[in-house]
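The block underneath contains the structure these notes are about, expressed in structure tokens.
The values are calculated or read from the model by the stated rules, or taken from the named source; none is laboratory data. Quick caveat: nothing in here was measured; it's all calculated off a predicted structure. Cβ sites come from the backbone with ideal geometry, for glycine too, and all protein chains shown count toward neighbours. The protein model used for the area step is the full one, side chains on, heavy atoms only, and it has no ligands, DNA or RNA in it. Shrake-Rupley method; radii C 1.70, N 1.55, O 1.52, S 1.80 Å.
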Amino acid sequence: YTDRLGIKWVGDGAYVQSGESHTAKNSQDSGLASTLRVFKSKNKNCYSIPGFQGLKVLLRAYFNYGNYDSNSSPPFFDVFLDENKWITVETTEDWKNYEIIYVPKRQNISLCLAQTNPNQFPLISALEVWSLDSNMYNQIDSSHALMLNQRYAFGSSDRISYPSDPCNRYWKAFSGNGLVSVSNTAPSVVVNQTKDEVPSAVMSNAVATFNASYNFSDSSSSLSFTQEVPIYLNMYFTEVEDLNSSFDLRRFNVMVDNKVIDVVSPAYQIALETTYANITASSNTRIYLAATTDSTLPPLISGLEWFTISSPLSNSTTNMTDVLLLFFLISPISVEGLTSLQEGFPVLKEWSGDPCLPAQYPWDWVNCTNETTPRITSLLLSGCDLTGLLPNFSSLDALQTM
């Protein structure tokens with residue numbers, strides 16, 4: 001269907017081989033949160049999404065338990081992205097979404113949902129992938145990912161997304177105690193000098209502080225971690241008034257705890273983006289704006305993006321010679337005349353993702369070595385009710401048991 005923003009959504013049947021379709025009982029509309037796919041078998045179930053190798057992408061996943069099973073028991077489970085742990089989803093009676101920005105290194109994006117506890121069945125409501133310009137969010141290298149904590153459009157009365165933001169980032173409207181919303185008096189704001197392509201709609205409003213400083217980390221409910229983690233912080237500023245330079249000055253410090261990390265004096269009609277990627281933060285960290293001693297006006301801000309930086313991403317996969325024999329789901333390939341086990345035995349086709357990785361979630365019917373590039377050592381096919389001819393296994397030269 002096409003949603004109210006003009007975005008076309010398709011069913012997920014072409015990207016996953018398993019799971020059951022259900023309807024959320026608590027959904028009030030026919031949109032993203034109204035249906036879900038639930039995975040009640042296997043220790044992991046994976047989506048395979050082609051077409052983004054080497055591109056910087058924004059991936060957003062939606063989860064709505066919706067009491068589909070009438071048990072009023074929301075599950076929790078792990079989600080892996082290309083065999084890297086992304087999030088632990090703790091579903092509630094309300095729906096939620098998670099966002100990550102990264103560069104896929106493989107031919108297909110592999111998003112896997114893993115069951116972590118008995119009778120806690122993983123589920124997903126929707127999944128979207130948007131390509132980004134390669135120069136966006138480039139203060140970290142492609143071996144790391146950015147996991148969104150918060151993204152704010154300060155002073156806005158409504159959330160800003162597509163088509164105002166062609167990348168469909170969700171900018172939450174925000175104003176709070178100690179802040180006053182102000183509208184920009186400029187007829188337009190030049191935003192094309194910002195490397196991360198902030199939408200002009202974000203820069204049309206701002207918030208200023210009543211006092212000389214404001215602690216933005218107090219505003220972020222995402223700062224629940226007690227250990228310090230590396231963060232990536234984008235701030236977007238523009239002066240909202242054409243100031244009389246003889247009398248008025250707006251200048252302020254960006255501070256982490258008691259340390260000044262930047263001094264900002266925004267210009268009228270021009271968007272300024274500042275990025276801080278070399279800092280760490282925990283629940284006790286104070287990140288705030290404070291007016292300089294010579295400033296006659298308080299700090300203001302129009303937009304903010306707050307990410308956690310991931311650990312280095314692993315690009316390990318099971319030995320490709322082994323995988324080619326087992327796993328031709330998207331585009332079957334002929335390798336020296338070998339036929340795929342999964343092509344020959346449809347009951348095995350529901351298995352997806354990497355057969356051996358992550359190590360705690362291999363396929364149930366294989367055993368693997370513990371190497372960085374694992375090899376398949378056993379095929380455990382008893383109980384699969386297979387009939388027919390077995391393929392040639394000569395290329396599985398690490399195989400010990402079948």
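Of all beta bridges DSSP finds with both residues in the chain, what is the antiparallel percent, to the nearest 5?
Working: 86 of 92 bridges.
The antiparallel proportion sits near 95 percent.
With r as the distance between the Cβ atoms of Ser314 and Gln400 and R0 = 22 Å, compute the FRET efficiency 1/(1 + (r/R0)^6) and round to 0.05.
Values: r = 26 Å, r/R0 = 1.16.
That pair, Gln400 with Ser314, gives E of 0.30.
Say each of Val10 and Thr292 gets a label point 7 Å from the Cα, pointing the same way as Cα to Cβ; how far apart are those two points in nm?
My value for the distance between the label points is 5.3 nm.
Could you report segment 12-62's accessible area per residue, 1.4 Å probe, as an integer in Å²? Don't skip to the end; give the middle numbers.
On the way: 2210 Å² over 51 residues.
Averaged over the residues of segment 12-62, the accessible area is 43 Å².
Cut-off 10 angstrom, C-alpha nodes, Gaussian network model of the chain. Which of Leu380, Leu36, Leu55 fluctuates the most?
The residue that fluctuates most here is Leu380.
How much mean residue ellipticity at 222 nm does the chain get from its helices, if each DSSP H run of length 4 or more adds -39500 (n - 2.57) and you divide by all residues, to the nearest 500 deg cm²/dmol?
On the way: 3 runs with 15 residues, N = 402.
My calculation for the chain gives -500 deg cm²/dmol from helical runs alone.
Would you mind telling me the share, in percent, of accessible area of the chain contributed by carbon and sulfur at probe 1.4 angstrom? Provide the component values of the computation, followed by the final result.
On the way: 8800 of 18630 Å².
The value for the chain is 47 percent carbon and sulfur by accessible area.
All other residues with a Cβ under 10 Å from the Cβ of Asp82 taken together, and with Lys, Arg as +1 and Asp, Glu as -1, what is their net charge? Don't skip to the answer; put the middle values down first.
Details: positive: Lys105, Arg106; negative: Glu83, Asp354.
Net of charged neighbours comes to 0.
Net charge around Ser110, counting only other residues with Cβ within less than 12 Å of its Cβ (Lys, Arg = +1; Asp, Glu = -1)?
Counting the neighbours of Ser110, the net charge comes to 0.
Among Pro266, Pro312, Pro358, determine the one that fluctuates most according to a GNM of the chain built with springs between C-alpha atoms less than 10 Å apart.
Maximum fluctuation in the GNM of the chain, among the listed residues, is at Pro312.
Computed from these coordinates, which is Rg and Dmax of the Cα atoms in Å: (i) 24.8, 88; (ii) 21.1, 69; (iii) 32.2, 105?
The value matching this structure is (i).
What number comes out for the charge environment of Leu399, summing +1 per Lys or Arg and -1 per Asp or Glu over other residues with Cβ under 10 Å away?
Values: positive: Arg375; negative: Asp322, Asp397.
Residues near Leu399 contribute -1 overall.
Count neighbours as other Cβ atoms within 10 Å of each site's Cβ, and list the chymotrypsin sites (Phe, Trp or Tyr not before Pro) in segment 1-94 that are DSSP loop with at most 10 such neighbours. Don't skip to the end; give the middle numbers.
Details: sites: Tyr1, Trp9, Tyr15, Phe39, Tyr47, Phe52, Tyr62, Phe63, Tyr65, Tyr68, Phe76, Phe77, Phe80, Trp86; in loops: Tyr1, Trp9, Tyr15, Phe39, Phe52, Tyr65, Tyr68.
Within segment 1-94, the qualifying chymotrypsin sites (Phe, Trp or Tyr not before Pro) (loop, at most 10 other Cβ atoms within 10 Å) are Tyr1.
Taking trypsin sites (Lys or Arg not before Pro) that fall in a DSSP loop and have at most 15 other Cβ atoms within 10 Å as cut points, what is the longest piece of the chain between them?
Numbers: sites that count: Arg4, Lys25, Lys40, Lys105, Arg159, Lys195, Arg286.
With a cap of 15 other Cβ atoms within 10 Å, the longest stretch comes to 287-402.
Could you give the accessible area per residue of segment 70-130, probe 1.4 Å, as a whole number in Å²? Can you show the working numbers first?
Numbers: 2450 Å² over 61 residues.
Per residue, segment 70-130 has 40 Å² of solvent-accessible surface.
Give the total of Lys-Lys pairs in the chain with Cα-Cα distances below 16 Å; include a pair only if its members are 8 or more places apart or on different chains.
9
State to the nearest 20 debye the size of the charge dipole of the chain about its Cα centre, where the only charges are +1 on K and R beta carbons and -1 on D and E beta carbons. Walk me through the numbers on the way to the answer.
Working: 24 positive and 39 negative charges, 40 e Å.
That gives the chain a dipole magnitude of about 200 debye.
Loop sites only, by DSSP: take the GluC sites (Glu not before Pro) in the chain that have at most 13 other C-beta atoms within 10 Å and name the longest stretch containing none of them. Please report the intermediate quantities before stating the final value.
On the way: sites that count: Glu93, Glu228, Glu336, Glu371.
Here the longest segment lacking exposed loop sites spans 94-227.
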